[in-house]
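See below for the structure under consideration.
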């Protein structure tokens, strides 16, 4: 039927309990992101990124609806891959004496620690499995040489850390169930006042574009 909007089942996997401690440590650091990622930068300051690097709740929702054979572990792997690059780029644009550089470097260290626990929590063959085609396309774009990138966007450091925090709460929600929080995976959280994103989802259009 033309125009039918189908929900593709997403295979869920429990979050390893060992991962919750480093993720909560990242969450504690992110509670200071307004100070370090907004107040210490010029108004509307943005860094240049590939479209695929701006990873938001709407991207997760789009993939859950449109990507077949998708599981939570694949989304989590993508989350680590994207945000690792984001943190590196943030540090790269900061001079040595920038007031937010130490904060960002410490956040990157905590992020690497969490990624290490994430990798050790699963058998090696899990990370050798073939990714869904559309996810592989995103992965390939993330490692593309700058001169070959076809689409650039600008984003503020604060918005990037907001995205990191919100998507973390969505993809690793089992680690934050004891905290009073929004349902970050719920469509009402990110669709409010954004009808254009709803139209994109229903049309099957990627929200990165």
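What follows draws every value from the coordinates through simple rules; no lab data is involved. Keep in mind it's a predicted model, so treat the numbers as computed, not measured. In this analysis, Cβ positions are derived from the backbone assuming ideal geometry, glycine residues included, and neighbour counts consider all displayed protein chains.
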* Restricting the search to region 138-151, which residues are in contact with a helix residue (DSSP H, G or I) (Cβ under 9 Å, 6 or more places away or on another chain), more than 16 Å from residue 76 (Cα to Cα) and in a helix (DSSP H, G or I)? -> 141
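Per-residue answers, yes or no, for (1) surrounded by fewer than 17 Cβ atoms within 10 Å (Cβ to Cβ); (2) in a helix (DSSP H, G or I):
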position	(1), (2)
60	no, yes
76	no, yes
87	no, yes
90	no, yes
96	yes, no
102	yes, yes
122	yes, no
131	no, no
* Structure fact -> Screening 52, 72 for residues that are in contact with a helix residue (DSSP H, G or I) (Cβ under 8 Å, 6 or more places away or on another chain) and closer than 25 Å to residue 148 by Cα leaves only 52
* Asked: Does residue 117 meet the test of being over 17 Å from the mean Cα position of the chain (by Cα), closer than 27 Å to residue 28 by Cα, in contact (Cβ under 8 Å) with a residue 12 or more places away in the chain and part of a helix (DSSP H, G or I)?
  -> yes
* May I ask you to list the residues in region 41-58 that are buried (at least 16 other Cβ atoms within 10 Å of the Cβ) and more than 16 Å from the chain's Cα centre (by Cα)? => 41, 47
